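Participant: Quick one: the structure is below, and I'll ask about it shortly.
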Amino acid sequence: MSPKINPWDGMETPVPPAFSTRTVDGSSSNQFMWIKDSRGLIGLGLTFAESVDGRFVSSNLQNIEIKVQSDKKTLTFLLKEEAALRQFRIFCEDCIESVEQLQTSNPPAVLTSLASVVENWVELFGSNNKKGLSKSSELGLIGELLVMRNILMASINPSDSVLSWHGPKRHEQDFSFNSSLIEVKCQLASKDKVFSISSLDQLDGISGQIYISHVGISPASESSVESFSLPSLVDEMIVALSGDNYAIDTFMGLLELVGYHHDGEISFDHYVENFMNIFKVTNGFPKIIKSDVHKAIDKCSYRINAAMLGEWQIPRHQLLQEIVT
């Protein structure tokens, strides 16, 4: 059964101080619940087997109230603005996924993971996504949609392709499927083939095999053969997802997180794809990761010359084969 677009549908508003609850996943080792409080606020709850020391709050997360309840064992995330419902559901699912990947119910580890998710979402729930796309963000989004269309949807079904998309949620890599991680770098083909790595974690394969998809595009007229715009790519994705309302809702919510609203009011440039080169990040790949540097180095970004990566380039069919096995 597909997940519900609104998992809080039909939940009654309880009498204070109780919560209405609905189990998220009966097979989970963690007690996650969809909840609704006496004010009618919906949210996500997680009950631990023991008391949670201290308070888990974020004054910067404006749309969400985060609180440890009076039982000292239940952490709740409650949505304060209903207009952000679509994004809030994705946030809740991101919290659940991050905890499930730990494969432990240890409170300190779980709280650390949740704190990391909240930190990623502070800006996403802020005002930046209401200002629209910058040109660099537009190129980045186009690159991710091209990879989704040309690589993922060629090997897995369209709905799973959307659910594997994590770039808008500020994860270190843009896609994750079957322990394979794909980081997308998109640039104008007229530029030098150099791309940036933003952190010590982006090419660290601790969570799975990492691939880089380096995409080059060029401006084109709307009438050019095989030209596309950002809205036309989005339209293609929506058609491919026809019949799966949950995947469509998730897809649109992720687009909104990066500042794209599919309302047809803004004109976008047209492009053609020039190249899509795939690199497999193996032990010998030129990269800087945490294990390579002194622990005093907290952050690091650097640039890689893709023209010198021929040793690690693989054909697209190899990537398609490896991500589905």
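Participant: Once Cα Rg over 2.2 N^0.38 Å is worked out from the coordinates, which option in (i) 1.06; (ii) 1.13; (iii) 1.27 does it equal?
Facilitator: Label (i) holds the value from this structure.
Participant: What's the longest bit of the chain with no exposed GluC sites (Glu not before Pro), using DSSP loop states and at most 15 other Cβ atoms within 10 Å as the test?
Facilitator: In the chain, the maximal stretch lacking such sites is 82-221.
Participant: Taking a 1.4 Å probe, which of Lys280, Lys73, Lys295 shows the most accessible area, and what order do the others take after it?
Facilitator: Largest to smallest exposure gives the sequence Lys295, Lys73, Lys280.
Participant: Output the pairs from Lys67/Lys290; Lys135/Lys185; Lys4/Lys169 with a Cα-Cα distance over 26 Å in this structure; if there are none, say none. List each step's numbers first, then the result.
Facilitator: On the way: Lys67/Lys290 33 Å; Lys135/Lys185 14 Å; Lys4/Lys169 20 Å.
Violating the 26 Å Cα-Cα cut-off are Lys67/Lys290.
Participant: Also, I was wondering about something else. How large a share of the accessible area of the chain, in percent, is made up of carbon and sulfur atoms when the probe is 1.4 Å and the other protein chains stay in place? Kindly include the intermediate steps, with their values, before the conclusion.
Facilitator: Working: 7740 of 16370 Å².
Carbon and sulfur together cover 47 percent of it.
Participant: On the full set of protein chains, 1.4 Å probe, figure out the accessible area of Val118 and give it in Å² to the nearest 10.
Facilitator: Val118 exposes around 10 Å² with every protein chain in place.
Participant: Could you please put Phe285, Phe275 in sequence from largest to smallest accessible area, using a 1.4 Å probe?
Facilitator: Reading off the accessible areas and sorting them downward yields Phe275, Phe285.
Participant: Count charges around Asn120 for me, please; just the other residues with Cβ under 11 Å from its Cβ, Lys/Arg as +1, Asp/Glu as -1.
Facilitator: -2
Participant: Moving on. Could you state the angle between the C-alpha long axis of helix 230-240 and the longest principal axis of the C-alpha atoms of the chain, as a value from 0 to 90 degrees rounded to the nearest 10?
Facilitator: It is inclined by approximately 70 degrees.
Participant: Can you give me the relative contact order of the chain as a percent, contacts being Cα pairs under 8 Å and 6 or more apart?
Facilitator: That works out to 16 percent.
Participant: Express the accessible area of the chain per residue in Å², computed with a 1.4 Å probe while the remaining protein chains stay in the model.
Facilitator: On the way: 16370 Å² over 325 residues.
The answer is 50 Å² per residue.
Participant: Here is a further query. Provide Cys300, Cys95 ordered by accessible surface of protein heavy atoms (probe 1.4 Å), highest first.
Facilitator: Cys300, Cys95
Participant: Hey, another quick one. Tell me whether the range 97-187 comes out rounded, prolate or oblate; compute the Cα gyration tensor, take square roots of the eigenvalues as a ≥ b ≥ c, and use a/c under 1.5 as the rounded threshold. If you can, show how the numbers build up before the last one.
Facilitator: Numbers: a/c = 2.73, a/b = 1.26, b/c = 2.16.
It is oblate, given that a/c is not under 1.5 and a/b is not larger than b/c.
Participant: Which value, in Å² rounded to 10, gives the accessible area of His270 with a 1.4 Å probe and all protein chains present?
Facilitator: 40 Å²
Participant: Counting only other residues whose beta carbon sits under 14 Å from that of Ala220, what net charge do I get with K and R as +1, D and E as -1?
Facilitator: Computed value for this residue: -4.
Participant: Could you tally the net charge around Ile42, taking each other residue with its Cβ under 15 Å from the Cβ of Ile42, Lys/Arg +1 and Asp/Glu -1?
Facilitator: Numbers: positive: Lys4, Arg22, Lys36, Arg39, Lys67, Lys80, Arg86, Arg89; negative: Asp9, Glu12, Asp37, Glu65, Glu81, Glu82, Glu93.
Surrounding charge for Ile42 is +1.
The values are calculated or read from the model by the stated rules, or taken from the named source; none is laboratory data. Everything numeric in this text was worked out from a predicted model, so none of it was measured. Cβ coordinates were reconstructed from backbone atoms using ideal geometry, including for glycine residues, and neighbour counts include every protein chain displayed. What goes into the accessible areas is simple: the full protein's heavy atoms, side chains included, and nothing from ligands, DNA or RNA. Shrake-Rupley method; radii C 1.70, N 1.55, O 1.52, S 1.80 Å.
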